[in-house]
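Structure first, commentary second.
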Amino acid sequence: MQHARLEALVLLGALLTGPLDPARGQDAPPLPWEVQRYDGWFNNLRHHERGAAGSRLQRLVPANYADGVYQVLEEPLMPNPRLLSDAATRGKAGLASIRNRTVLGVFFGYHVLSDVVSVETPGCPAEFLNIYIPPGDPVFDPDGRGDVVLPYQRSRWDPETGRSPSNPRDLTNGVTGWLDGSAIYGSSHSWSDALRSFSGGQLASGPDPAFPRGAQDPLLMWTPPDPATGQRGAQGLFGEAAGGGNQEPFLQALGLLWFRYHNLWAQRLAREHPRWSDEELFQHARKRVIATYQNIALYEWLPSFLQQTPPEYAGYRPFLDPSVSPEFVVASQQFFSTMVPPGVYMRNASCHFQEVLNKGFGSSPALRVCNSYWIRENPHLNSAQEVNQLLLGMASQISELEDRIVVEDLRDYWPGPDKFSRSDYVANSIQRGRDMGLPSYTQALLALGLEPPKNWSDLNPHVDPKVLEATAALYHQDLSRLELLPGGLLESYGDPGPLFSAIVLSQFVRLRDGDRYWFENTRNGLFSREEIAEIRNTSLRDVLVAVTNVDPSALQPNVFVWREGAPCPQPRQLTTAGLPSCVPLTVTDYFEGSGAGYGLIIVALCLLPLVSLVIAAIVAHFRNRERKRLQRKGKGSTEKESIKEGVPAMEWPGPCERSYPVTIQLLPGGQLQVLDRRLTPLRTIQLQPPQQASLILSNDRGCRTLLLKIPKEYDLVLLFNFEEERGSFVQQLREFCKYWGLGLHVAEMGEKELFRKAATKQQRARILEIFFRHLFAQVLDINQADAGTLPLDASQKVREALTCELSRAEFAESLGLKPQDMFVESMFSLADKDGNGYLSFREFLDILVVFMKGTPEDKSRLMFTMYDLDENGFLSKDEFFTMIRSFLEISNNSLSKAQLAEVVESMFRESGFQDKEELTWEDFHFMLRDHDSELRFTQLCVKGGGGGVGDDFKKNANCRVSFITRTPAERSCPQGVGLPDSEVSEPGGPGLKKRFGKKAAAPTARPYTEALQEKMQRGFVAQKVRQFKRFVENYRRHIVCATLFSALCVGLFAERAYYYAFASPPTDIEETTYVGIILSRGTAASISFMFSYILLTMCRNLITFLRETFLNRYVPFDAAVDFHRWIAMGAVVLAILHSAGHVVNFYIFSVSPLSLLTCVFPNVFVNDGSKIIPKFYWWFFETIPGMSGVLLLVVLAIMYVFASHYFRRHSFRGFWLTHHLYVALYALLIIHGSYALIQLPSFHIYFLVPAIIFGADKLVSLSRKKVEIGVVKAELLPSGVTHLQFQRPQTFEYKSGQWVRIACLALGTNEYHPFTLTSAPHEDTLSLHIRAVGPWTTRLREIYSTPKDKDCAGYPKLYLDGPFGEGHQEWHQFEVSVLVGGGIGVTPFASILKDLVFKSSWGSQMLCKKIYFIWVTRTQRQFEWLADIIREVEENDPQDLVSVHIYITQLAEKFDLRTTMLYICERHFQKVLNRSLFTGLRSVTHFGRPPFELFFNSLQEVHPQVRKIGVFSCGPPGMTKNVEKACQLVNRQDRAHFMHHYENF
């Protein structure tokens, strides 16, 4: 029964192992035995994993960890490993082995050890058990710095262990735990295939058949750098089965021996069995080589090593656990290390020992061990003969004494980890023992049934007592704390001590008896008894003879022991004398030479926005040039006036300023004119006799400069190209002055002196500033100190300023007007009493005193005198007409002469002077009798005050505003100045204006109650609390949505940060770059969420639909664009933080060892020991996340800069094109996370749903975009406005205030621009009013200027996308609405006004009962088309639903003289004709800017029963901000609440 069960288990193993090579197994005949797997699995059919590669080590003694689980016993509980190494293993080299063991036996032992165990691979996550070097260590810290730490990374362990004291940590074996030739064939099928040639059953060889192929991929050999030369890479290393097979040429030679032995057998079998396939030849040869290897290791090498013979083989024992123990690893490795000599001999077959040539040293008798680690292309091992010589030399060389002493080649110059080229082999082994949790020496003896020593002297009588004392001192004289490794070394002398011997013998016996594929097991079908006997008779000497072809007499029978009478005499025992010194320790700086490049990359990334800014500025510049060119072209082809020829030169404006080209013209009438390069006048100088001009010429530096000094003007400094050009101009100037009777004095001086003497425009401006300061100081009785600070030479400057006289141009500039204006002419002529063409200080003071302190009579008399052109003491109708026209100049009004005549006649008739042709001053003043208050506040608006002095006489300006209702003066005028009755209440409307000739009584002001006044007088904290409550009430939807979104972002950040800080599976990344990983991963999650859901803010069709649902009460859909900007700004801030985190990460990764990077990025790096880590630029530019991240920063820099307000206004096309980079942005975001360097991609989790919604929304838009729509009417309106009227699609439904996006087919089918509809929903066509402010809109205006044929078929067609909703369409949801339009921002209100009147005329039920429309415009002519719409509204508004206020802002101060007269004329014109002088509308026209706060305050009194008033503004950002500020201020009161919706253009 048992036999049948065993047969079944064998069959099951064969099925589980499967064909060895599926690709070739189908054609090859089945082998007559079960082929042993390369990875060691299924050797034991009951416990498949036993002995397999990756299986855990099996302890002989319970673990000894500090916590009983995995934490290591360290200092100070245990001695410093370096001190312990020095104390226990340092000693003199050159003592021969007592048993005459050969060096070949030592390295064969290392080879056997590499076949059954490998624990050098660092574990992940990385845990470090570093070795702290004592200060002043002669090898590692010769400078005595005290900061040298040799890193030791703990070995790989089984993750299923180390969880409790009953399941302590166990290390895993990197190779198979069987004597199965894994050091010859590899520990995996793939590794074996990489070693094979698949030809003739042989292992693959290189160019020389005696050597295998190089260690190139996919052979991932262990390839650390050569510690002696620093040479790196796989070049010069062989592809062997053992990862560390190239560590030393001595181990390498043994690997080559077995490589050649396998191929020798394959060749022999191929000759004997020519019909066998490659697979059969390979497996037969492998089977024979493994069996020979097992025989030599157990029956030849082990007895020579232990001086004990293993018990006879009794057959396979399936229940025996053959797993390698951690105690065996330490015992065997450390005992071998005591036998390694400092050098190794080489000899030939005739016993001639070779001299070895060393670079920089000469010849030596042997290869120095410390300088041979990981050596590439060893010059002494370039041929099979040299390898043979090394093998023969090792077979004839006696090893070091088997004691505690380890030569310096291992103890001080072992290959080091990470950045260190050297390390301490013994100290590393001590740390490995602690890492394994090995028991103490005493515990191990007791566990194995051996007698522990009672005191330190009982350890070994052959050990120097001083060594025992030093070791005992490190353990504080406590023998029970002595560790297994140093204890085993100290007990050994000549042979392994009792502990090591027991451990090693037990391990090899278990490996033999528990191996189902052992060559002596007759039941596995591998060998016949005859073959077994033949294998038993094969020794390593036979292998050497077969491979090297030497005479058998050249080797002793047992190559592991040298005995007297051996073929070759024993050479002298090697010491360090006569051998080259070991190359000392070097420490590699991974970041050396990278600092500058790393800094440059960071600077370059930081400069990306600046580069994008420069590009955007260039684009904006060219777009501005194009716009200006188109605007000039649109003005017509009127040619410039023919200008007389002038003299070209360069004008020097003053120090620290650049000269610019000008043209000088000498004109009739004694005028000298300076033109710029566009032939636009810059300056005109009037020369009048007997003025004396001075001409100063430079007499050095090429004689190219001249200075022209003219009294009462700043100097003109000209630079010419050549002296001849200057001479020509001087000659012309002489003749010009002579002709007009002007004096010209000519002098010469040096150019530097000339520049110093020149009175520049800057100096003139400073003089004029002092002029105006003292002017205002005298008029307003201001102290001289309050007039402004003066320079040190104040008295001289003041005298110079007071003697200064203003030219006509400077006088006009001070008034903000042009010199040729009629008002300037009249005022200047009146003030220039001496008629010299200039105004002195006294002349200006006299005229200013009248305006500042004069009575209304004085001011009217001044006006009368100014326009009494013939000075006859009367003001004729023609002169009155001229006066009115001069006022209209400042408002750019173009009233016809007939209209002006009508105004003049009406004013004369109203005053009872219809029969008079001329007015006396008394008549003129009587005409202004109703406007005394205006004249009282009338001033002269002078811009030259500077320094804030001129502001002192403007304090009353704030009081001069129009109110809807009568308001207490103290509320409306903060300075306490009372309001004139004429301004407190304006006629018409409900307290607002006169409508249709009807007078409506002004509503009584709503008095404040006692309680309300107490509320207004609350304390500071109470006021702030109330303001906060009102703010929350105003923006509760915004606050809730923003808070929820922010909370999600913060939550995502916190979740990822917490995960990587505390909860993530151990991957070392949090230990490597704690701050960097928390910052980068936390921001990555938030960015993924923000960049995904920002798409929803651009789903215009969805938003338009949702804002009509109940959700609009909870979500502010009108703020989608603002929310878009807010998310974008937050995302870019997080992107910057994300990049900063990665900058930190990349630096840390660039200086981290390869072993650590392998743990952090197991899918990217393989720890092959090479210590070659990627430079910083690899992370930036050679990884998918790095390169995609850099590209993302580039895309973001471009998109964000071009999306800024300035560039969006100056180059909308640039904004439109760059914003389409969002496709690249999302593609890069997907790619950026797809590489899964740290975690699995997660962007799609956030992105998928918003992307689907956004895609569907885009499809809806695309379904509309491609429908061509014909233009019915195109009209060019003033102020560059183009009116387009086009067909309305059948299914197109919209509401007033909504907007669309259009593309003109003639300008490209893909460039869409947004515009608000100006048509009303009831109209059959759609209309837009488009202002030409950019290249696209300017070209659009050109295209629709004239149709190609008489009908409208010639107009280019449009693509239409929309409609889209915005806040303006909610005007009807408020009982009272205020519409504020500025500039082109009035377009949405055109539709609303027409819609309102239509619904009102049809009797539609509406919640909205009153609309106040405020039109803010620079001039009344700017949007005359809107005036037509307002006129239409006025004519169709019998219920007086709409109140219109027009504010004209392009005027001087409200109570400047000119504005006051215009105000008087406007009021008179409206009183007589019931319409505005400027607009022709019944609406009252105001001058200046609207007082929004006071306006809203008065609305609260007019409509006391209304609790919510809607405010809708559209226009420039400055205006909407003022409206918003006014709403916030008014909302602080517990009265009507103003809800503001705004749009900017």
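Evaluating 6.51 cos²θ - 1.76 cosθ + 1.60 at θ = phi - 60° for every residue in the range 1114-1125, the Karplus couplings come out as 10, 10, x, 4, 5, 8, 4, 5, 4, 5, 4, 5 Hz, glycine and proline recorded as x. Calculated accessible area for the range 1046-1176 comes out at 42 Å² per residue, all protein chains present (probe 1.4 Å; ligands, DNA, RNA ignored).
The range 1185-1246 and the range 305-320 have their alpha-carbon centroids 69 Å apart. Answer rounded, prolate or oblate for the range 362-448, using the Cα gyration tensor with square roots of eigenvalues a ≥ b ≥ c: rounded when a/c is under 1.5, else prolate when a/b is larger than b/c, else oblate. Prolate shape, in that a/c is at least 1.5 and a/b is the bigger ratio. With all protein chains in place and a 1.4 Å probe, the accessible surface of the range 651-724 carries 52 percent carbon and sulfur.
Put one equal scatterer on each alpha carbon of the range 1170-1230, apply the Debye formula with no solvent term, and list log10 I(q)/I(0) at q = 0.14, 0.23 1/Å to two decimals. These q points yield log10 I(q)/I(0) values of -0.50, -0.86. Panel values: the range 139-207, Kirkwood radius from alpha carbon pairs, Stokes-Einstein at 10 °C and 1.306 mPa s, translational diffusion coefficient 95 µm²/s.
Working value for the range 1037-1190: equivalent-ellipsoid semi-axes of 40, 16, 11 Å, each the square root of 5 times a Cα gyration tensor eigenvalue, largest first. Measuring spread by the Cα atoms of the range 241-331 yields a radius of gyration and Dmax of 16.7, 48 Å. Placing 351, 124, 1514 in order of accessible area, with the largest value first and a 1.4 Å probe, yields 124, 351, 1514. Taking the centroid of alpha carbons for each part, the range 357-386 and the range 1146-1170 are 32 Å apart. Taking all protein chains together and a 1.4 Å probe, the residues 876, 1211, 457 rank 457, 876, 1211 from largest to smallest accessible area.
Applying a threshold of 25 Å to the alpha-carbon distances of 709/752; 419/1175; 1273/1295; 1399/1525; 1029/1410 flags 1399/1525; 1029/1410 as lying beyond it.
From the largest down, the range 119-169 spans 45, 22, 15 angstrom on the principal axes of its Cα atoms. 3J(HN,Hα) along the range 1494-1499, derived from phi through the Karplus expression 6.51 cos²θ - 1.76 cosθ + 1.60 where θ = phi - 60°, amounts to 5, 4, 5, 4, 5, 4 Hz, with x in place of Gly and Pro. Distances over 21 Å make up what percent of all Cα-Cα pairs in the range 380-514? Above the 21 Å cut-off, the range 380-514 has 56 percent of its Cα pairs. When all alpha-carbon pairs of the range 119-235 are counted, what percent fall beyond 22 Å? Counting pairs separated by more than 22 Å, the tail of P(r) holds 60 percent. For the pair residue 1293 and residue 1345 in one chain, pulling the backbone fully straight at 0.36 nm per residue adds 15.8 nm over the alpha carbon distance. The share of C-alpha pairs in the range 445-554 whose separation exceeds 20 Å stands at 62 percent. Two decimals is fine: what is log10 I(q)/I(0) at q = 0.14, 0.16, 0.22 Å⁻¹ for the range 1189-1320, from a Debye sum with one equal scatterer on every Cα and no solvent? Relative scattering, expressed as log10 I(q)/I(0), comes to -0.88, -1.05, -1.43.
Distance between the 7 Å Cα→Cβ label points at residue 563 and residue 1036: 10.5 nm.
Computed over the alpha carbons of the range 1204-1253, Rg followed by Dmax gives 15.0, 43 Å. Run the Debye formula on the Cα coordinates of the range 68-116, all scatterers equal and no solvent, and tell me log10 I(q)/I(0) at q = 0.13, 0.25, 0.29 1/Å. The Cα Debye sum returns log10 ratios of -0.64, -0.92, -1.01.
If the viscosity is 0.692 mPa s and the temperature 37 °C, what translational diffusion coefficient in µm²/s does Stokes-Einstein give for the range 1256-1334 when Rh comes from Kirkwood over Cα pairs? For the chosen part, D equals 242 µm²/s. Derived value for the range 576-620: Kirkwood hydrodynamic radius 15.0 Å. Basis is the mean of 1/r over every pair of different alpha-carbon atoms.
Between the amide H of residue 1541 and those of 1511, 1512, 1513, distances stay under 5 Å, these residues lying 5 or more places away or on another chain, with hydrogens modeled in the peptide plane.
Convex hull volume of the C-alpha atoms in the range 659-754, normalised per residue: 97 Å³.
Taking amide hydrogens as placed 1.01 Å from N in the peptide plane, the amide H of residue 414 sits under 5 Å from those of 423, 425, each at least 5 positions away in sequence or on another chain. Of the residues 197, 553, ranked by 1.4 Å probe accessible area with the largest first, the sequence reads 553, 197.
Fully extending the segment from residue 128 to residue 617, taken as 0.36 nm per residue of separation minus the present Cα-Cα distance, adds 170.6 nm. Karplus-based coupling profile of the range 1147-1164, in residue order and whole Hz: 5, 5, 5, 6, 10, 8, x, 4, 4, 6, 4, 5, 6, 6, 10, x, 7, 10, with θ = phi - 60° in 6.51 cos²θ - 1.76 cosθ + 1.60 and x standing for Gly or Pro. Under 5 Å between amide hydrogens, built in the peptide plane, is the criterion, and for residue 238 it picks out 215 among residues at least 5 positions away or on other chains. If I model a spin label as a point 7 Å beyond the Cα along the Cα-Cβ vector, how far apart are those points for residue 916 and residue 882 in nm? With each label point 7 Å from Cα toward Cβ, the separation is 1.9 nm.
What a 1.4 Å probe finds exposed on the range 1171-1234 is 74% carbon and sulfur by accessible area, rounded to a whole percent. With a simple spin-label model that places each label point 7 Å from the Cα along the Cα-to-Cβ direction, the separation between residue 1407 and residue 1217 comes to 4.6 nm. The order of the peptides 1303-1310, 497-504 by mean Cβ neighbours within 10 Å, most packed first, is 497-504, 1303-1310.
The values are calculated or read from the model by the stated rules, or taken from the named source; none is laboratory data. Values in this document were obtained by computation on a predicted structure and should not be read as measured data. Virtual Cβ from ideal backbone geometry, glycine too; neighbours counted across all protein chains shown. Heads up: the accessible areas ignore ligands, DNA and RNA and are worked out on the full protein's heavy atoms, side chains in. Shrake-Rupley method; radii C 1.70, N 1.55, O 1.52, S 1.80 Å.
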